[in-house]
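The values are calculated or read from the model by the stated rules, or taken from the named source; none is laboratory data. Because the structure is predicted, anything quoted here is derived from the model rather than measured. Cβ placement follows ideal geometry from the backbone for every residue including glycine, while neighbour counts extend to all protein chains displayed.
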Amino acid sequence: MKTILLISRVLNDNKEVLEKKISEIDSFIEECVPKNTVLHMGSTLTGEFRRRMEILDYRFVLKKQYRSGLYKSNKEMIKESDRVLIINVNQSPNMTDFEEYAKKQDTIDESVYVLRLSSK
């Protein structure tokens with residue numbers, strides 16, 4: 001089973017927000033998948049987030065991405081997955097679009113999990 005994780009950019013760009021929300025994020029992921037699940041993520045804009053999550057013993061497989069095709073690449077990852085985890089901070093329009101797109105995919109409609117957070 002292939003599980004992907006998509007995150008709002010603020011979790012990578014703002015260490016203060018990431019640290020403030022880390023326990024909620026950890027609980028969310030643990031509720032959705034077993035701790036030993038390898039999470040698939042894009043390689044662009046996720047480095048800081050991944051480093052912090054690896055401290056909590058999460059493992060990742062990265063798909064190479066390019067900024068110019070990031071939106072399309074994330075949609076491709078959704079299509080290739082069995083389960084989608086989305087962490088949406090401040091109701092990011094991109095994350096909301098990905099959530100709607102994932103729920104429309106026949107194979108994963110009931111395997112889309114979303115954590116909505118505020119950066120405050």
Output the qualifying pairs, or none if there are none: Cβ atoms under 8 angstrom, residues six or more apart or on different chains, first residue in region 24-52 and of a type in the set (A, V, I, L, M, F, W, C), second residue assigned to a loop (DSSP other than H, G, I, E, B).
Ile29/Tyr58; Leu39/Val33; Leu39/Tyr58; Leu45/Arg9
Checked against (1) of a type in the set (Ser, Thr, Tyr); (2) more than 19 Å from Ser119 (Cβ to Cβ); (3) modelled with pLDDT under 90, Thr3 satisfies every condition except (3)
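Here is a yes/no grid of residues against (1) over 14 Å from the mean Cα position of the chain (by Cα); (2) over 23 Å from Ser118 (Cβ atoms):
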site	(1), (2)
Asn36	yes, yes
Leu45	no, no
Arg52	no, no
Ile55	yes, yes
Arg59	no, yes
Gln65	yes, yes
Glu80	yes, yes
Ile86	no, no
Asn94	no, no
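Against the condition in a helix (DSSP H, G or I) and basic (Lys, Arg), how does Lys35 come out, does it pass? Outline the logic, then answer.
Details: in a helix (DSSP H, G or I): no; basic (Lys, Arg): yes.
Spelling it out, it is not the case that Lys35 is in a helix (DSSP H, G or I) and basic (Lys, Arg).
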Show the residue pairs meeting these rules: Cβ distance below 7 Å; 6+ apart or different chains; first residue within region 67-81 and farther than 15 Å from Met95 by Cα; second residue surrounded by 14 or more Cβ atoms within 10 Å (Cβ to Cβ) and aliphatic (A, V, I, L, M).
Ser81/Ile4; Ser81/Ile108
Tell me which residues, restricted to region 63-84, are touching a Lys or Arg at 6+ places or on another chain (Cβ under 8 Å) and over 17 Å from Phe98 (Cβ atoms).
none
Which ones in region 97-120 are more than 24 Å from Tyr58 (Cα to Cα) and not aromatic (Phe, Trp, Tyr)?
Asp97, Glu100, Lys103, Lys104, Gln105, Asp106, Thr107, Asp109, Lys120
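Using the structure shown, decide if Ser73 is of a type in the set (Gly, Ala, Ser), under 18 Å from Thr3 (Cβ atoms) and under 12 Å from the mean Cα position of the chain (by Cα).
no
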